[in-house]
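Structure first, commentary second.
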Amino acid sequence: MNSTKENLVEIIRTRSELQARVRAWKQAGETVGFVPTMGALHGGHLSLIEKAQEKATRTIASIFVNPTQFAPGEDFDTYPRHETEDIAKLASVNCDAVYLPSVAEMYPEGSVTNVRVESLSDLLDGIYRPHFFYGVATVVARLFLHTQPDVAVFGEKDYQQLQVIRRMVRDLGFPIEIIGGETQRDADGLAQSSRNLYLSPEERRTAGAIYAAMHRARTRLALGTLPGEAMAEAEALLGKAGFRKIDYVTLVDPATLQALPVDQPLEPGTPARMLVAAWMGKTRLIDNINAGQ
Ligand code: PAF
């Protein structure tokens, strides 16, 4: 691991350079941990790098704002791009290399091959952003082929994405261990996210209500409140706090993402994940917690 390489994170822009670097590392007996990102890095991303460093001797982050996971009218053009600051942040945690491919490098001219993880991609966020997980699975599969890591780390904040990637890796037999990294939260509980940059100061003050509502619902479930009731209470709290539209507040099986029965108390030992997607002004925020009893 590089302990003295501050400011020396290696910048790699092409697949061939990346593969040469990874090949050399592997020939020297090193292992590779990978953290794919779209940049605008925050503490959550850096914690994923640290997790990768626990699992592998070399770490690569990628920064690529992937056009195929944005629908027309979404924020592809305005998505924050902070390359210089991001590289400095990666250097500060001794990430070994950053892969910054162009669109042409990721999607060579005439490329028509996509990855669809059916079913898991069509629930929850997939209902509101039908293109989204197909774009994510496609780019992550391509990034895996470019990087050939031993281990890859994805944030639990994007819980559905993590499950889609796990399923893709299982179905296609990628020889990669997928690890979930714990969500990093600000002091008021708001999950760290690049899109928090869109919030006005007032919206930012209110946004912590998502965590408060989820936390309260988890306590209510533990006290035996029916899931339907606990979710409805959480939704009401979000509405009262100022969320203008709530896409979903739901309790699901963590592996299949299928909704759990709303009219039966959660039995002790039942695995459960509570997921929320709600709009604060023009910003769509998602979050989730382990709600199992
Ligand atoms: O979570 C993200 O930042 C993106 O969806 C990912 C996994 C880097 C794919 O573009």
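The values are calculated or read from the model by the stated rules, or taken from the named source; none is laboratory data. The structure displayed is predicted, hence computed values, not measured ones. Don't worry about glycine lacking a Cβ; one is built from the backbone with ideal geometry, like all the others, and counts go over all protein chains shown. With ligands, DNA and RNA removed, areas are computed over all heavy atoms of the protein, side chains included. Shrake-Rupley method; radii C 1.70, N 1.55, O 1.52, S 1.80 Å.
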In segment 177-187, what count of residues is obtained for those that are surrounded by 15 or more Cβ atoms within 10 Å (Cβ to Cβ) and of a type in the set (Gly, Ala, Ser)? 2
Within segment 17-53, the count of residues that are within 25 Å of Asp287 (Cα to Cα) and among the acidic types (Asp, Glu) comes to 1
Of residues in segment 145-154 being within 11 Å of the ligand (Cβ to nearest atom) and farther than 21 Å from Glu118 by Cα, the one surrounded by the fewest Cβ atoms within 10 Å (Cβ to Cβ): Ala152
Tally time: how many residues in segment 126-144 are more than 13 Å from the ligand (Cβ to nearest atom) and either open to solvent by 40 Å² or more (accessible area, probe 1.4 Å) or within 15 Å of Ala255 (Cβ to Cβ) (or both)? 3
Look through Leu172, Leu190 and report the one residue that is open to solvent by less than 20 Å² (accessible area, probe 1.4 Å), in contact with a helix residue (DSSP H, G or I) (Cβ under 8 Å, 6 or more places away or on another chain) and more than 14 Å from the ligand (Cβ to nearest atom). Leu190
Criterion (part of a helix (DSSP H, G or I) and farther than 15 Å from Pro149 by Cα) met by exactly one of Leu41, Leu90: Leu90
Helices (runs of 4 or more DSSP H) within segment 196-293 that include 3 or more residues closer than 30 Å to Gly73 by Cβ and touching a residue at least 60 places away in the same chain (Cβ under 8 Å): 201-207, 209-222
Residue in segment 13-29 that is surrounded by 15 or more Cβ atoms within 10 Å (Cβ to Cβ) and either within 11 Å of the ligand (Cβ to nearest atom) or closer than 23 Å to Phe133 by Cβ (or both) present: no
Extreme residue, farthest from Leu190 (Cα to Cα), among residues of segment 43-72 that are open to solvent by 20 Å² or more (accessible area, probe 1.4 Å) and of a type in the set (Gly, Ala, Ser): Ala71
Restricting the first residue to segment 160-183 and requiring it to be free of Cβ contacts under 8 Å to residues at least 24 places away in the same chain, which pairs with a second residue that is of a type in the set (Gly, Ala, Ser) and open to solvent by less than 40 Å² (accessible area, probe 1.4 Å) meet a Cβ separation below 7 Å and a spacing of at least six or different chains? Leu162/Gly180
If Asp158 passes every condition in (1) surrounded by fewer than 23 Cβ atoms within 10 Å (Cβ to Cβ); (2) more than 12 Å from the ligand (Cβ to nearest atom) but one, which one does it miss? (2)
Residues of segment 111-125 being open to solvent by less than 70 Å² (accessible area, probe 1.4 Å), over 22 Å from Phe144 (Cα atoms) and in a helix (DSSP H, G or I), which ones? Asp125
Residue check for Tyr198: under 29 Å from Gly281 (Cβ atoms), modelled with pLDDT of 95 or more and open to solvent by less than 70 Å² (accessible area, probe 1.4 Å): no
Of the criteria (1) assigned to a helix (DSSP H, G or I); (2) loosely packed, with under 13 Cβ neighbours inside 10 Å, which one Pro108 fails: (1)
Which residues, counting only those in segment 33-87, are of a type in the set (Lys, Arg) and more than 14 Å from the ligand (Cβ to nearest atom)? Lys51, Lys55, Arg58
Breaking point among (1) of a type outside the set (D, E, K, R); (2) closer than 26 Å to Thr57 by Cβ; (3) in a helix (DSSP H, G or I), for Val153: (3)
When Val98 is run through (1) among the β-branched types (Val, Ile, Thr); (2) buried (at least 20 other Cβ atoms within 10 Å of the Cβ); (3) closer than 21 Å to Phe174 by Cα, the failure sits at (3)
